[in-house]
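The structure under discussion appears below in the form of structure tokens.
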Amino acid sequence: MKRTRKAVVSLFLAVVMIMALMVPSFAKAKPVVDEKPYENSEFFEIGDYSIHYRQFKAKGTEKGKIFMVHGFALSSYCWVELATRLQEKGYTCVVVDQPDFGYSTRETKKTKIMEREDIFVALMKKLNGNKPWYVAGHSMGGYIALGIAQKYPNMVKNLLLYNTGAYEGSTGLRAALIGNETYMSIAGPVIETAGTVDPLILFAYTIATMDPIYTWNYDRAQIENPYKIKGSGQAALRNFSTMTVTDLKKVKKMSPILYVNGSLDLLFGSSLQQSLRDALPKGSTDVTVKGGGHMTIETHAD
């Protein structure tokens with residue numbers, strides 16, 4: 001098994017290196033991204049970072065505020081389906097682009113790195129003082145939501161976690177590659193270019209949603225446009241080095257958690273969910289959406 005795994009990894013790295021050499025031959029010139037991508041776009045400046053976010057303010061009397069963190073390779077756009085529905089129900093939703101994704105700052109080796117939890121709590125405090133929020137996280141964004149709750153417990157009412165698990169650190173080859181400048185310089189251009197190739201996005205998002213009709217009709221430019229920002233590929237890989245390990249003992253002591261997964265999630269299967277599921281506090285709600293893939297927040301927003 002170990003030999004097979006090493007052979008697969010070696011083949012993958014070889015393909016990445018070959019593709020990296022080919023990138024200049026098929027990469028198109030990348031247009032400048034609009035300074036204000038959406039009508040309700042706002043930017044939060046902190047340290048070396050400019051963080052893009054959008055507010056969907058509650059209709060009628062506000063019942064609460066929800067801070068929403070997206071997963072790897074995506075952007076705050078993936079929350080819009082859910083945010084607009086919650087907005088109608090009386091919740092103000094703030095959807096934020098993680099550093100390195102969407103329209104937020106792309107980190108480089110010159111960036112004075114800040115932990116995601118510190119950046120986002122500073123934004124939460126700017127928008128709502130020291131009052132606590134509901135904090136939602138999808139996929140890798142769930143790691144950050146858990147990190148916020150364990151580092152700043154007074155800022156979190158409850159967690160809403162979707163298609164995620166606990167981040168228990170990296171080992172082996174993955175640990176060796178995280179933050180490796182040579183690896184990022186090779187693989188980064190491949191990711192950056194692939195992120196703007198529509199057939200590849202169509203294929204990848206079909207696997208993520210497990211719904212080809214939904215994906216075919218999806219505005220895939222919302223995924224592709226951020227990858228037109230220079231340095232997006234390398235920055236995406238750098239993002240892995242900022243994740244906070246989940247303290248499962250602290251999770252058990254948190255307020256009840258809403259935990260939602262899809263029965264057809266191929267990217268974050270039940271084995272990756274189990275340690276978090278075992279640590280859910282008393283009173284938590286554990287839901288499996290029948291027929292849902294990894295993107296339940298979009299395909300099953302209702």
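The number of residues in the range 206-224 being crowded, with 20+ Cβ neighbours inside 10 Å and part of a helix (DSSP H, G or I) comes to 4. Would you tally the residues in the range 141-170 being closer than 18 Å to V287 by Cα and not in a helix (DSSP H, G or I)? Counting residues in the range 141-170 that are closer than 18 Å to V287 by Cα and not in a helix (DSSP H, G or I) gives 9. Checked against the criterion of being under 20 Å from G137 (Cβ atoms) and either in contact with an Asp or Glu (Cβ under 6 Å, 6 or more places away or on another chain) or of a type in the set (V, I, T) (or both), the candidates T244, T215 yield just one match: T244.
Condition check ((1) buried (at least 23 other Cβ atoms within 10 Å of the Cβ); (2) modelled with pLDDT of 95 or more; (3) within 14 Å of I46 (Cα to Cα)) across all residues:
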residue	(1), (2), (3)
A58	no, yes, no
V69	yes, yes, no
L74	yes, yes, no
T84	no, yes, no
I119	no, yes, yes
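Scanning the range 268-284 for residues that are at pLDDT 95 or above and either assigned to a loop (DSSP other than H, G, I, E, B) or not acidic (D, E) (or both) turns up Q273, Q274, S275, L276, R277, A279, L280, P281, K282, G283, S284. For the range 288-302, the candidate set comprises residues that are free of Cβ contacts under 8 Å to residues at least 40 places away in the same chain and either part of a helix (DSSP H, G or I) or surrounded by 14 or more Cβ atoms within 10 Å (Cβ to Cβ) (or both); within that set, the residue that is nearest to the chain's Cα centre (by Cα) is H300.
Scanning the range 195-234 for residues that are within 18 Å of the chain's Cα centre (by Cα) and either more than 28 Å from K36 (Cβ to Cβ) or aliphatic (A, V, I, L, M) (or both) turns up I201, A204, T206, I207, A208, T209, A221, I223, I229.
The values are calculated or read from the model by the stated rules, or taken from the named source; none is laboratory data. In this text the structure is predicted, and so the values were computed from the model without any measurement. We place every Cβ from the backbone using ideal geometry, glycine too, and count neighbours over all the protein chains shown.
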